[in-house]
Each structure stands twice: as structure tokens, then as C-alpha cells.
Amino acid sequence: ESEQKELPEDWDIGYKILIDKDGITKQMLKPTYQVSIIKKPSEREFQNLINDFWWDTTYVAKCLARDEIFYAKFMSETVIRTEYLIPLIEWHIASENNWNITTNKYGRLFKKYLTQEMWTKTENTFSGSNIKENWTALFSMADLVSEIGTELSNKLGYKYPDKLEKDVRKYLTELKTKI
């Protein structure tokens, strides 16, 4: 592997040789870091992410209203956080760094690149197993996606689905107040 013409993706993010007594890594390519550079989303990618986020929050809300914590956590942590929130935060960070930055995998470097205020808002999207805390985290996610999504849509010249957000927020609030 040390003599390949291209580095594997995981190595192109960066590596450090700690010990090489036999000199087998001397010919290794230096990392370019390009594989992990955050790419600017197309308008379609942006729209799909925002729309999917808002629609999928309704599943979390229904589960919380039914006291179904397992599926609520699956949706909020596995689907919403991983597929929507993390990429959106990456786009936010990249847009402020000329689209020439990496945050490493799954938000490892978010704290380094976000303002303290934005980091606190991000932390507020986490919760344990308490249903009430999960409602708070869900609305914190909604607020964060709205803030970042609106800001990015303005920067990129993309349309933000204001009506969808308004309608879904109304639905989430109605479900929360029924319990």
C-alpha cells in the first residue's frame, strides 16, 4: 500500500508515520486532503436536504408523542443528525471558509470552527432518553436548521422552503401540546 499511485481516501485525510525502521514508507505520497474538502451543494442537494429534514422531524415528533423513544432516537440521531444536520453544519463552516476546509468525519472538528454561540446551539440538539429532553432537542435542531438553512440559502442564492418550515413547526407544536 505504501507504493500506490493514489492514497486511499482514509489516508488522504492525513496521516503521520510514527516509526519506519525499514524505510518502507519513504515513497508514500503526501496527503492532498482533497477527499475531505467540503463541496458546495447544488441547489437540488440543498433543497432535498432541507425538505427531507423538515419531513423527517414529523416522525420524531409522532414517536415522542407516543412515548416510543427507540424509534424517536433512531430517527433523530441516525437519520436526522447524520444525514441532514451534519452536512448542513459542514456547508455552513465551508461557506465561511471559501469552500476550502474539512471538518473531518462526523463533525469531529465542529467545535473548532463554529462560534461559541453556534456550538452551544449545536450542543442543545443532543438529549438522553427523557421524552421532554428529546422534545427540547428536536426544537433546537429545528431552530438550528432554520438559522443555518436560511443563512446558506441567502449566501448561495437558493430558495428556502419557508412555508414547509412554518407548516411542520405548527404540526410539531400541536403534537407536543397534545401530550
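Readers should treat all values here as calculations from the given coordinates under stated rules, not as data from a laboratory. What you see is a predicted model, and the numbers here were worked out from it, not measured in a lab.
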*What pairs in LYS5/LYS121; LYS30/LYS111; LYS16/LYS40; LYS16/LYS155; LYS16/LYS73; LYS30/LYS159 have C-alpha atoms more than 31 Å from each other?*
LYS5/LYS121; LYS16/LYS155; LYS16/LYS73; LYS30/LYS159
*Return the single residue from TRP54, TRP99, TRP11 with maximal mean-square fluctuation; model: Gaussian network over the chain, springs between Cα atoms under 10 Å.*
TRP11
*Considering the chain as a Gaussian network with a 10 Å cut-off on Cα pairs, which listed residue, VAL35, VAL145, VAL168, attains the greatest mean-square fluctuation?*
VAL35
_Defining a contact as two alpha carbons under 8 Å apart and six or more residues distant in sequence, what relative contact order in percent does the range 38-178 show?_
33
_Option label - mean projected area of the Cα convex hull in nm² computed here, alternatives (i) 11.0; (ii) 12.7; (iii) 10.4_ = (ii)
*Kindly express, to the nearest 10 degrees and within the range 0 to 90, the angle between helix 131-156's C-alpha long axis and the longest C-alpha principal axis of the chain.*
60
*Could you let me know the centre-to-centre spacing of the range 2-39 and the range 140-173, using Cα atoms, in angstrom?*
39
